Amino acid sequence: MFRSNTCGELRIQDKGRNVQLAGWVQTIRKYGAITFVDLRDRYGITQLLFGEKVNTQLETTPLGREFVLQVNGEVIERSNKNPQLATGEIEVDVQSFTILNRAAVPPFTIQDDTDGGDDLRMKYRFLDLRRSSVRRNLELRYAVNRAARTYLHEQQFMDIETPFLIKSTPEGARDFVVPSRMNPGQFYALPQSPQTFKQLLMVSGYDRYYQIVKCFRDEDLRADRQPEFTQIDCEMAFVEQEDILTMFEGMIRFIFKEVKQLDYTDPIARLSWEEAMWTYGNDKPDIRFAMPLLNIKKPDTVFSDRADHRALIEGANFKVFDEAETVLALAIPGAAAYTRKQTDELTEWVQRPQIGMKGLAHIKYLEDGTCKSSIDKFYTPEQLLQLAKAAHAQPGDLIVVLAGKEERTRKAMSELRLEMGERLGLRKPDEFKLCWVLDFPLFEYDEESNRWVARHHPFTSPKPDQIETMINNNPVITDAANYLSHPYAGIKANAYDMVLNGNEIGGGSIRIYQRTLQEKMFAALGMDKEEQQHKFGFLLGAFEYGAPPHGGIAFGFDRLCAILGGSESIRDFIAFPKNNAGRDVMLDAPASIDEHQFEELQIRLNLKKE
Ligand code: ASP
């Protein structure tokens, strides 16, 4: 037996017991004839006391950091207790010890505030994983995994594995491909998600499916993406949108309770996509704080209960606003006291290339109820005051206004809102706010190819009352300049995203389950019959053999863990992640393969010269 206890287990009640511990040497402190060693394992740290008898042996067999050590000794009460440590009241008086393995000096210190940089820690990830902060992340990940499984199991979901070597499943990214030796010249694709399989399982009658599963997408890795990542992937048959929302609100509440001991009893807000875009400038709004945008230019066709604010800026001959497609205002609480330097800084902030705006107008809504503004040459004090009020400002607030092309302006204002929320401390890391975003457009217009692309994926159904519009109209866009007037532009998807603190943590849809509608969808995306048959013949075929109505959702498991763990980075929650260039720096992968492997695959490389 190597050990009777773990290094996190012993307490004052164990005083007097003879125990065996095994673990890694964290620190060594010599005090004359005695030595203290902190011994670490997954469960914690226990202080070892090497008294005079064993201490002399340390001179001939010295210990080093990260040595693997086994000790036999007696639990004694510490004279110098450490309340920070669960085992801090005791130590083990070592009677004998064995060095189970020696260790080279680690390239960085294995403790929470390590001196190792990112790259070094990635290269020696097996050492980084010994640090308790990283271990806690993996423990949290496991807790989320267990909670999801428990919930889904109790709801009659079945975990069914689906293959990794498949044919393409379009989810909007490039496929990773795997050459087949037995079928020379042919390739498998790694699944971007198990989408078509889970739908086929519905056709097969397994009406509640889930899997915590790896997905592979060969994307350019924007910040904090991984080429392989994990989803909680789910599908249900005989359901409508409401059934899915209810089921997965239940799951997320259960996860909060199990993992964070948090009773999330608030109702989960539901916003339409239009509402999210116009109120927050974003389809994954952070609703931990309000700060809604005011859309001054556009008559509010979306929200009949909201006023038309165009009159506020019309007729003043201020070209910037008059000529802009969109003018948006945002009230920043308590910022009317900003100095010139501070308002200039905000202007520079929106002018950075990532945001790309030309300028920023502002109105200070002063405590005395009057307004001071960078545009008071054009607008009367009364107009400015009305504008401030329309933007939901209170005296003491600063109202900022951006003007320009719709999409860019909306995005810029959304970024500015998030930035100000951050600066004002309104995005509290320990506060969790969920919402659903619903009714996304089914299609997006792709200018380059002058056709539609699926906003979610091609298996997403339109809203039930818009199926007819889709079936009865020709998807071809004859007038590119007026694509917005094409009937397809207004079709809404029967899709939903779950958003947590401004991050999309889950997304899914009610699916198409009739062959004709699915064919129409493929056609709208520019696929002719032959291509449809080649790529999705199996699915279209399956729809002819009794496909039930069905729908599902997938949660980004890594991201969910990161948010629950209070971190920005999913990498911290993955045992062996890739870096931003998609490389595993520990394995040094991807790498070239042996010549004979190419021969077996009958593949010859023809790399482009840089
Ligand atoms: N397969 C989709 C995705 O990976 C989720 C879904 O529609 O269930 O985003």
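Read-outs throughout are calculated quantities, based only on the coordinates presented, and are distinct from any laboratory measurement. Not measured: the values here are computed from a predicted model. When we count neighbours, we look across all protein chains shown, and the Cβ atoms used for this are built from the backbone with ideal geometry, even at glycine.
A simple rule links phi to the HN-Hα coupling: the Karplus curve 6.51 cos²θ - 1.76 cosθ + 1.60 with θ = phi - 60°, which for the range 105-116 gives 5, x, x, 8, 6, 9, 8, 4, 8, 6, 8, x Hz, with x for Gly and Pro.
Straight-line cross-link partners of residue 257 among the aspartates and glutamates, defined as a Cα under 15 Å from its Cα and at least 8 positions apart when in the same chain: 249, 266, 430, 431.
For the chain, the longest principal axis of the Cα atoms and the long axis of helix 529-542 meet at an angle of about 60 degrees. From its DSSP helices (H runs of at least four residues, each -39,500 (n - 2.57)), the chain gives a residue-normalised ellipticity at 222 nm of -8500 deg cm²/dmol. Each Cα pair under 8 Å and six or more residues apart adds its separation to the average, and for the chain the resulting relative contact order is 13 percent. Cross-linked pairs 167/529; 341/389; 284/492: Cα-Cα separations exceed 22 Å for 341/389. If you take the alpha carbon atoms of the chain and fit the smallest convex hull around them, that volume is 242 Å³ per residue.
Once the Cα-Cα distance is subtracted from the 0.36 nm per residue extended length, the residue 103 to residue 79 segment shows a gain of 5.5 nm. Note that the range 360-371 has calculated 3J(HN,Hα) couplings of 9, 9, 9, 10, 8, 9, 6, 4, 7, x, 9, 10 Hz, one per residue in order, obtained from phi through the Karplus relation 6.51 cos²θ - 1.76 cosθ + 1.60 (θ = phi - 60°); glycine and proline are x. Ordered by the count of other Cβ atoms within 10 Å of each Cβ, fewest first, 510, 99, 45 give 99, 45, 510. The angle between the Cα long axis of helix 515-524 and the longest principal axis of the Cα atoms of the chain comes to about 80 degrees, rounded to the nearest 10. You can think of it this way: the chain between residue 485 and residue 370 has 37.0 nm of extra reach, that is 0.36 nm per residue less the Cα-Cα gap. Of the chymotrypsin sites (Phe, Trp or Tyr not before Pro) found in the range 483-569, those that fall in a DSSP loop while having at most 16 other beta-carbon atoms within 10 Å are 545. Each residue of the range 263-272 was assigned a 3J(HN,Hα) from its phi angle through the Karplus curve 6.51 cos²θ - 1.76 cosθ + 1.60 (θ = phi - 60°); the sequence is 8, 8, 9, 4, x, 8, 4, 10, 10, 6 Hz, with glycine and proline shown as x.
Of all lysines in the structure, the ones whose alpha carbon falls short of 24 Å from that of residue 53, not counting any fewer than 8 places away in one chain, are 15, 30, 81.
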